[in-house]
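Visitor: Before anything else, here's the structure in question.
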Amino acid sequence: MPLNQYRDLSVIGSHMQAGFQFEFACAHCSNTWRSPFKPYRMGQLSTLLHKFTFLLPGMDNAGRASTSLADMRAKSARDSELATAMRQAESQFVNCEVCHATVCNECFNPSEGCCEKCAVERRGGARSAGGGGATASASADAAGAYCPNCRTPSDGGRFCAECGYDLASTHKSCPACGAMTSRSARFCTDCGHAF
């Protein structure tokens, strides 16, 4: 399954800095990775040709044609570079089998085959069968956050109830749905709201 959390940093079209680059981010922490910048030579060449034809009378059509050709081929070149970047990023990021979020290797629990958040929810669900952890699991689902220090489900307060860790230093609440997410997140993991 392709990684689903990335930003397109590419400069496409007729531009001297035309090229492709993508930034992949973990849905649970601030880890990011950028693919190496790959220049889009056709876009750069069409820019030079367009500037050159601007100086010569009667050559405007050739400049416009080269720009159109570069723009038409940019999408397929971008898709190809994205596929290459995804293959490179797969060594550092994994899609969780449970919630389908893209997480870094540090936030992935290989023994349980899912991200740490889902692993904690599974363990909370297993404890709730005995009757003890149902309230903690339900409040964690409502708040949508876990303490990064001890992985205890958060009840939405500023400090962790288990270890006293200051959650405000690493987390923020979504203005749209109120879910807690990491301070460096660009989108809410519950509703998709952009910060």
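Here is a yes/no grid of residues against (1) modelled with pLDDT of 85 or more; (2) within 26 Å of ASN149 (Cα to Cα):
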{"site": "THR32", "(1), (2)": "yes, yes"}
{"site": "PRO36", "(1), (2)": "yes, no"}
{"site": "PRO39", "(1), (2)": "no, no"}
{"site": "MET42", "(1), (2)": "no, no"}
{"site": "MET59", "(1), (2)": "no, no"}
{"site": "ARG73", "(1), (2)": "no, no"}
{"site": "LEU82", "(1), (2)": "yes, no"}
{"site": "VAL94", "(1), (2)": "yes, yes"}
{"site": "CYS107", "(1), (2)": "yes, yes"}
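Visitor: Does ALA194 satisfy being modelled with pLDDT of 75 or more, among the hydrophobic types (A, V, I, L, M, F, W, C) and within 18 Å of the chain's Cα centre (by Cα)?
Guide: Taking the combined requirement at face value, the residue satisfies it.
Visitor: Residue by residue through region 11-34, note down the ones that are buried (at least 21 other Cβ atoms within 10 Å of the Cβ) and in a loop (DSSP other than H, G, I, E, B).
Guide: Selection gives SER14, ALA18, CYS26, ALA27, HIS28.
Visitor: Among (1) at pLDDT 80 or above; (2) small (Gly, Ala, Ser); (3) loosely packed, with under 15 Cβ neighbours inside 10 Å, there is one condition GLY130 misses while meeting the rest; what is its number?
Guide: (1)
Visitor: Shifting gears a bit: Tell me which of these SER139 doesn't satisfy, since it passes every other one: (1) farther than 30 Å from SER154 by Cβ; (2) within 30 Å of the chain's Cα centre (by Cα); (3) at pLDDT below 85.
Guide: The single condition SER139 does not satisfy is (1).
The values are calculated or read from the model by the stated rules, or taken from the named source; none is laboratory data. Since the model is a prediction, treat every value here as computed from it, not as a measurement. Cβ atoms come from the backbone with ideal geometry, glycine included; neighbour counts cover every protein chain shown.
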